[in-house]
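Data first, discussion second: the structure below is written as structure tokens.
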Amino acid sequence: MVLRNVMLIGNAGPVDVQIDGAAIRNVSTQPITANPEQQLIQFDNALVFPGLINSHDHLDFNLFPQLGDKTYNSYTEWGNYIHQNYKAGINKVLKIPLELREQWGIYKNLLCGVTTVINHGEKVSLQQPLIKVHEQYYCLHSVGFEKSWRPKLNNPLKNNLPYVIHVGEGKNKEAHHEIDRLIRWNLLKKPLIGVHGVAMSRRQASKFKAVVWCPQSNYFLLNKTAPVNELKKNTTLLFGTDSTLTAHWDIWEHIRLARKTKLLPDIDLYHTLNKNAAAIWKTGCAKIEVGKKADIVIVKPKTGDTVESFFATEPEDILLVIQKGEIKLFDETLLEQLTNIDLNNFNKVYINNSCKYVVGNLPELITAIKTYYPEAHFPVTAQKHAVC
């Protein structure tokens with residue numbers, strides 16, 4: 001496959017990108033000649049960047065509405081509150097079979113250009129998810145809610161994969177001290193990846209391999225977020241959305257909120273979604289560069305500035321999503337060029353009146369979910385094949 005005439009972020013002129021199998025074979029400022037068997041896709045004024053890496057989501061929790069009607073001092077206060085005040089609504093969502101909830105969590109990410117997601121929780125039940133679900137780590141929920149977290153953390157039989165845990169998700173002293181408890185009890189010095197870290201200090205951050213910043217979830221629960229401008233000096237920063245229990249479905253809304261805080265320079269924020277995350281999770285898809293995995297997103301830019309266009313992106317602007325060299329989503333404007341694609345594997349989706357073709361059977365999934373939960377709300381409408 002050859003992607004012709006696309007702009008790299010920060011680049012002065014357009015390039016062609018050639019994909020061979022699951023990897024990027026060539027990136028050139030000169031036109032790349034596609035062989036007769038290769039798909040050539042011509043773009044006009046399009047921006048290319050690596051598929052986003054969402055470093056924190058709960059895939060099975062994305063059919064919940066945001067739960068909570070005030071700000072809280074910590075995740076434990078919030079957790080106890082919603083189970084007391086929203087019990088009936090929670091039970092309705094949990095009646096949906098786990099596999100259906102996970103499938104929608106995958107689509108939520110794919111529709112936004114996420115090609116790798118780190119799912120926090122039990123191993124997913126899906127056999128062939130549409131995007132990469134990274135689960136090469138050990139999951140602990142939190143110091144507050146994980147039973148027997150100390151022996152689990154210090155299990156000598158576990159290998160050196162990182163332990164991912166919600167930590168410091170609060171604005172009170174208890175949330176800060178919780179981080180010290182975790183550090184103190186990490187007797188075997190296992191690599192730690194903390195999620196949220198709102199109450200974290202630079203000293204504490206130095207004990208973590210990485211910290212996942214989830215600003216929208218933080219502001220919804222606590223009206224406060226992690227001091228990432230300080231934490232970045234002592235650890236690696238990643239970016240996550242959490243689920244719709246506490247945040248918007250669209251990761252681009254999260255990214256713009258993060259930028260608005262001005263806690264990180266644009267380039268640092270950008271790298272939380274690719275370079276940093278690829279290094280920590282070892283995914284190999286950090287750049288549009290020869291030899292990297294072909295996880296690629298192409299969007300219609302809104303300005304002549306590539307950086308501003310990246311941060312202004314919305315799901316309806318996405319023209320193409322490629323994961324491991326395979327097209328997973330494309331805009332209707334590319335349909336005539338995609339002569340080699342099997343439309344039987346795709347269905348139509350409308351996002352704010354913009355028509356996309358997405359792999360799999362999203363219409364059937366939505367119908368199945370609504371048989372269990374009729375009031376389920378989806379940010380898209382979907383229908384079987386037919387031309388847009």
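Taking 22 Å as R0, compute the FRET efficiency from the Cβ-Cβ separation of ALA312 and HIS248 and round it to 0.05.
Values: r = 16 Å, r/R0 = 0.73.
Working from the Cβ atoms, E equals 0.85.
Please list, by residue number, every one of the trypsin sites (Lys or Arg not before Pro) in the stretch 153-225 that is coil in DSSP and has at most 10 other beta-carbon atoms within 10 Å. Don't jump to the answer; show the numbers that get you there.
Working: sites: LYS158, LYS171, LYS173, ARG181, ARG184, LYS189, ARG202, ARG203, LYS207, LYS209, LYS224; in loops: LYS158, LYS171, LYS189, LYS207, LYS209, LYS224.
Those satisfying the criteria are LYS189.
Calculated from DSSP H runs of 4 or more alone, at -39500 (n - 2.57) each and per residue, what is the 222 nm mean residue ellipticity of the chain, nearest 500?
Numbers: 13 runs with 109 residues, N = 388.
So the calculated ellipticity at 222 nm is -7500 deg cm²/dmol.
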Legend entry - Hz values of 3J(HN,Hα) by residue in the stretch 321-328 - Karplus curve (6.51, -1.76, 1.60), Gly and Pro given as x: 10, 10, 10, 6, x, 10, 6, 10
Legend entry - Inter-site label distance for ASN154 and TYR81 at 7 Å from Cα along Cβ, in nm: 3.4 nm
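For the ranges 150-156, 240-246, what's the packing order if you count other beta-carbon atoms within 10 Å of each residue, average per peptide, and put the highest first? Please list the in-between numbers first.
Numbers: 150-156: 13.0, 240-246: 25.4.
Per-residue Cβ counts within 10 Å, averaged per peptide and sorted highest first, yield 240-246, 150-156.
What does the convex hull of the alpha-carbon atoms of the stretch 22-164 project to on average, in nm²? Let's see the in-between values first.
Working: hull surface 56.3 nm².
Orientation-averaged projected area of the Cα hull: 14.1 nm².
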Legend entry - From the coordinates shown, semi-axes √(5λ) of the Cα gyration tensor in Å corresponds to which of (i) 35, 25, 19; (ii) 30, 28, 21; (iii) 49, 22, 19: (i)
Legend entry - Rotationally averaged projected area of the stretch 276-351 (alpha carbon convex hull; nm²): 6.6 nm²
Inset, instruction - Just list whichever of LYS189/LYS275; LYS92/LYS189; LYS209/LYS260; LYS190/LYS232; LYS224/LYS300; LYS92/LYS260 have alpha carbons separated by over 31 Å in the model shown. - result: LYS92/LYS189; LYS224/LYS300; LYS92/LYS260
Legend entry - Highest average packing first - 107-113, 78-84, 15-21, Cβ atoms within 10 Å: 107-113, 15-21, 78-84
Legend entry - Two-decimal Rg to Rh for the stretch 185-250 - Kirkwood Rh, Cα set: 1.00
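Once the convex hull of the C-alpha atoms of the stretch 53-281 is built, how many Å³ does it hold per residue, rounded to a whole number?
Numbers: hull volume 26.8 nm³, N = 229.
With only Cα atoms used, the stretch 53-281 gives 117 Å³ per residue.
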Inset, instruction - Go from 0 up to the bin containing the longest alpha carbon distance in the stretch 342-388, width 10 Å each, and give me the % of pairs per bin. - result: 28, 51, 20, 1
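Any read-out appearing in this document is the output of simple, stated calculations on the displayed coordinates, not a laboratory observation. Just so you know, these numbers come straight off a predicted model, no measurement behind them. FYI the Cβ positions are ideal-geometry reconstructions off the backbone, even for glycines, and counts take in every protein chain you see.
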